[in-house]
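Data first, discussion second: the structure below is written as structure tokens.
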Amino acid sequence: MKELTDEDLKIYEWQLDIPGHGVEGQKKLKNCVALISRTGGLGGPLAFQLASAGVGKLILAHGGDLKHSDLNRQILMKHDDIGKPRCEIAYETLKRFNPNIEVEIINSNISEDNVEELIERSDIVFDCAPLFEERFLMNRECVKQKKPLVDCGMYSMEGQLINIIPGKTPCLNCIFPEKPPHWKRKFPVFGAVSTLLASLGAIEGLKIISGFGEPLMNKMLYINTQTLEFKKIPITKKTNCPTCGTI
Amino acid sequence: MKIKFVFTSQISLIAKKNDQSIEVVDNSSIQTAIMELLKSNSQEFKELILDQHDQLLPAILLIKNDDQISFDDKSSLKDGDEIMLFSPMSGG
Ligand SMILES: [Zn+2]
């Protein structure tokens with residue numbers, strides 16, 4: 001296990017006194033590999049928060065180049081970089097912010113071709129993907145490999161957050177056996193809302209990795225920022241779930 | 001009695017509102033209340049919630065006050081109950 005350096009102790013000084021975290025928790029963050037699907041409105045700020053907290057290695061999987069319509073929420077990006085691969089811009093932003101962490105970029109989205117290998121190399125997975133096929137794929141593989149999955153979603157002024165801890169909580173398919181029909185890839189959202197959900201997802205991840213606080217278990221957080229309503233909805237594991245029913 | 005439906009994500013976008021209160025007969029079940037709600041909404045709205053056999057789509061959750069209930073729940077709703085129609089969200 002990698003130890004904290006003198007510089008680590010200086011950089012993370014303000015978070016080491018968080019009850020239940022401390023130097024031991026910070027060491028766990030330093031030795032953690034986190035996989036983040038996409039570096040967009042959710043994945044980008046989430047990766048930034050993990051980098052700021054000192055998570056030792058981030059693997060970012062995101063295909064595609066930066067467009068104008070990404071810039072209202074994808075805050076790791078810069079206007080000057082329109083047309084460049086988003087994962088490369090994310091890499092530059094994160095490494096400039098925290099050069100002491102390792103950032104690996106995959107210039108493609110998570111798919112059947114890479115999901116098994118990427119999750120094998122990770123300790124925790126953050127699902128910030130727009131497509132339900134990709135989300136279900138990560139869910140299936142995390143359940144199979146018994147890796148925690150933090151699932152973040154947003155739409156308009158709303159958000160959802162679910163922690164999937166295989167063997168302890170329902171999986172994504174227990175809650176949503178199928179994707180919603182008539183789903184459209186483009187939906188309304190403000191960057192402030194995606195950043196909020198990203199921060200909450202990062203907080204859940206930090207709690208799970210370090211072991212402090214009470215991660216959201218067997219509940220789904222629903223947020224409506226139109227009304228500032230936060231609601232924790234109980235969710236239950238389905239014994240006949242095709243994905244996690246046998247574990 | 002009055003039942004308040006709360007809409008989420010793509011359902012509220014199509015409904016163009018966040019909630020809707022409707023009058024239903026006393027002791028109505030969730031199915032009866034949903035069918036009543038659909039009378040004052042568009043076909044597009046209906047297709048986000050029910051399949052072609054008028055069964056709840058697997059992706060939609062029904063949250064009564066603070067707990068999930070099933071579409072087949074035969075228990076009677078009470079005046080003032082709030083039902084959230086929850087449609088899953090994603091990233092981007
Ligand atoms: Zn399951």
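For the pair A:Val23 and A:Asn100, a Förster radius of 22 Å applied to the C-beta separation gives a FRET efficiency near 0.85, rounded to the nearest 0.05. Ranking A:Gln74, A:Pro130, A:Cys142 by Cα position along the charge dipole of region A:44-155, where only Lys, Arg, Asp and Glu carry charges on their C-beta atoms, puts A:Gln74 farthest toward the positive end.
Distant-in-sequence amide contacts of B:Ser90, defined by a placed amide H-H separation under 5 Å and a gap of 5 or more residues or a different chain, comprise A:Met154. Here is the list for region A:11-97: trypsin sites (Lys or Arg not before Pro) lying in DSSP coil, each with at most 15 other C-beta atoms within 10 angstrom of its C-beta, are A:Lys67, A:Lys78. Computed 3J(HN,Hα) for region B:6-14, one whole-Hz value per residue from the Karplus formula 6.51 cos²θ - 1.76 cosθ + 1.60 where θ = phi - 60°, is 10, 9, 10, 5, 5, 5, 5, 5, 6, glycine and proline marked x. For the protein assembly as shown, carbon and sulfur atoms together expose 52% of the accessible surface, with a 1.4 angstrom probe and every protein chain in place. Just checking the listed ones, A:Gly22, A:Gly40, A:Gly201: in the Gaussian network model of chain A with Cα springs under 10 Å, the one fluctuating most is A:Gly22. Angle of helix B:30-39 to the longest C-alpha principal axis of chain B, folded into 0 to 90 degrees and rounded to 10: 60°. With 20 Å² as the minimum drop in accessible area between chain alone and full protein complex (1.4 Å probe), the qualifying residues in region A:144-168 are A:Met154, A:Tyr155, A:Glu158, A:Gln160.
Taking the Cα centre of region B:2-86 as the origin, how large is its charge dipole in debye, to the nearest 20, when only Lys and Arg (+1) and Asp and Glu (-1) carry charge on their Cβ atoms? Please list the in-between numbers first.
Working: 9 positive and 15 negative charges, 49 e Å.
Dipole about the Cα centre, nearest 20: 240 debye.
Per residue, the average separation of C-alpha pairs within less than 8 Å and at least 6 apart gives chain B a relative contact order of 41 percent.
The contact residues of region A:124-138, meaning those that lose at least 20 Å² of 1.4 Å-probe accessible area when all protein chains sit together rather than their chain alone, are A:Pro130, A:Phe132.
Nearest 500 deg cm²/dmol is fine: what mean residue ellipticity at 222 nm does the protein assembly as shown get from its DSSP H runs of n ≥ 4 alone, each adding -39,500 (n - 2.57), divided by its residue count? So the calculated ellipticity at 222 nm is -9000 deg cm²/dmol. Rounded to the nearest 20 debye, the dipole size of region A:173-247 about its Cα centre is 260 debye, using +1 on the Cβ of Lys and Arg and -1 on the Cβ of Asp and Glu.
Quick one: putting +1 on the C-beta of Lys and Arg, -1 on the C-beta of Asp and Glu, what dipole do you get for the protein assembly as shown around its Cα centre, in Debye to the nearest 20? Don't skip to the answer; put the middle values down first.
Numbers: 40 positive and 46 negative charges, 18 e Å.
Magnitude of the dipole: close to 80 debye.
Computed over chain A, the range of Cα coordinates on each principal axis works out to 50, 41, 41 Å, biggest value leading. Where the centre of each part is set by its Cα atoms, how far does region A:112-143 sit from region A:192-247, in angstrom? Using only Cα atoms, the two centres lie 17 Å from each other.
Given the Cα atoms of region A:9-129, and with Rh set as the inverse mean 1/r over their pairs in the Kirkwood sense, what is Rg to Rh to two decimals? Please report the intermediate quantities before stating the final value.
Details: Rg = 14.6 Å, Rh = 14.7 Å.
Radius of gyration relative to Kirkwood radius: 0.99.
Site-free segments of chain A were taken between GluC sites (Glu not before Pro) in DSSP loops having at most 14 other Cβ atoms within 10 Å, sites themselves excluded; the longest one is A:4-111. Legend: distances between Cα atoms for A:Lys146/A:Lys232; A:Lys28/A:Lys237; B:Lys4/B:Lys74; pairs beyond 26 Å are A:Lys28/A:Lys237. Computed from the alpha carbon positions, the gyration tensor of chain B leads to an equivalent ellipsoid with semi-axes of 20, 14, 13 Å, biggest first.
I'd like to verify something in chain A: which complete DSSP H helices, judged by Cα projection on the helix axis, reach 20 Å or more and average at least 0.0 on the Kyte-Doolittle scale? Write down the numbers at each step before the final one.
Details: long enough: A:191-210 (28 Å, 1.33).
In chain A, the long hydrophobic H runs are A:191-210.
Protein heavy-atom accessible surface, 1.4 Å probe, per residue over chain A: 44 Å².
The values are calculated or read from the model by the stated rules, or taken from the named source; none is laboratory data. Because the structure is predicted, anything quoted here is derived from the model rather than measured. Virtual Cβ from ideal backbone geometry, glycine too; neighbours counted across all protein chains shown. Ligands, DNA and RNA are stripped out before the accessible areas are found, and what is left, the full protein with its side chains, is counted by its heavy atoms. Shrake-Rupley method; radii C 1.70, N 1.55, O 1.52, S 1.80 Å.
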